[in-house]
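Data first, discussion second: the structure below is written as structure tokens.
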Amino acid sequence: MARRPVALAAAVVLILEAFGIVLLNWILSIVVDRQQMSLAGLQPRAMSTGSWVGGILFGLYLLFCAAVLLRSALRDRAPGGFTRIALISCAVVHGMLGAFAIGLVGWVAFLAMMVVLGLLVLTLMAYGEGATGEVRGNAENPPNGAPPVAPTSA
């Protein structure tokens with residue numbers, strides 16, 4: 001299976017998405033600030049700053065997930081522990097964003113989110129627990145803990 005190219009492609013897509021999210025939130029903060037928009041009495045400057053900070057935090061989250069994918073691809077080893085949970089949460093976020101994108105943005109945005117979701121899930125499955133070299137087995141150590149078959153003589 002082509003684990004490394006899929007992980008690299010997912011990392012590149014997440015890096016591009018991170019920069020896109022930061023750019024989008026920066027533009028939103030400018031619009032909110034210039035139009036003096038307010039929500040429930042909140043100051044426009046606070047909403048502008050909140051949009052900017054939220055975009056930066058989400059962009060950093062996506063860059064962290066991309067770094068985990070790059071590390072997995074370069075080392076050809078599965079992410080473990082916290083980093084695996086971060087990738088799973090990133091996949092869940094993309095699934096939810098895809099569901100919201102249908103109604104708010106359209107089918108093209110939904111398709112883009114599902115492509116990213118598919119890359120993340122494929123990477124997680126390819127680097128699953130059964131994909132390490134020790135589990136594949138060989139003549140002396142068969143997979144899944146099955147006892148070795150004794151040679152038969154005629």
| task | Give me the pairs, please: first residue somewhere in the stretch 23-42 and among the small types (G, A, S), second residue anywhere and open to solvent by less than 80 Å² (accessible area, probe 1.4 Å), beta-carbon distance under 6 Å, and either six or more positions apart or on two chains. | result | S29/S48; S29/S51; S38/P44
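Step by step: first the residues of the stretch 75-114, then only those that are touching a residue at least 40 places away in the same chain (Cβ under 8 Å) and outside any loop (DSSP other than H, G, I, E, B), then the one that is least open to solvent (accessible area, probe 1.4 Å). Which residue is that? Talk me through it step by step, then tell me what you get.
Here is the first cut: in the stretch 75-114, the ones touching a residue at least 40 places away in the same chain (Cβ under 8 Å) are 76-79, 84, 90.
Okay, now just the ones that are also outside any loop (DSSP other than H, G, I, E, B), so 84, 90.
Numbers: R84: 58, C90: 0 Å².
Of everything passing the filter in the stretch 75-114, C90 is least open to solvent (accessible area, probe 1.4 Å).
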| remark: All conditions in (1) modelled with pLDDT under 95; (2) open to solvent by less than 30 Å² (accessible area, probe 1.4 Å); (3) assigned to a helix (DSSP H, G or I) are true of A18 except (1)
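On the given criteria, is A126 without any contact (Cβ under 8 Å) to a residue 60 or more places away in the chain, open to solvent by less than 60 Å² (accessible area, probe 1.4 Å) and either under 24 Å from R3 (Cα atoms) or polar (S, T, N, Q) (or both)?
Values: without any contact (Cβ under 8 Å) to a residue 60 or more places away in the chain: no; open to solvent by less than 60 Å² (accessible area, probe 1.4 Å): yes; either under 24 Å from R3 (Cα atoms) or polar (S, T, N, Q) (or both): yes.
The answer is no for A126.
The values are calculated or read from the model by the stated rules, or taken from the named source; none is laboratory data. None of these values were measured; they are calculated from a predicted model. Here Cβ is always computed from backbone atoms with ideal geometry, including for glycine, and neighbour counts include all displayed protein chains. Surface areas here come from the heavy atoms of the whole protein model, side chains and all, with no ligands, DNA or RNA. Shrake-Rupley method; radii C 1.70, N 1.55, O 1.52, S 1.80 Å.
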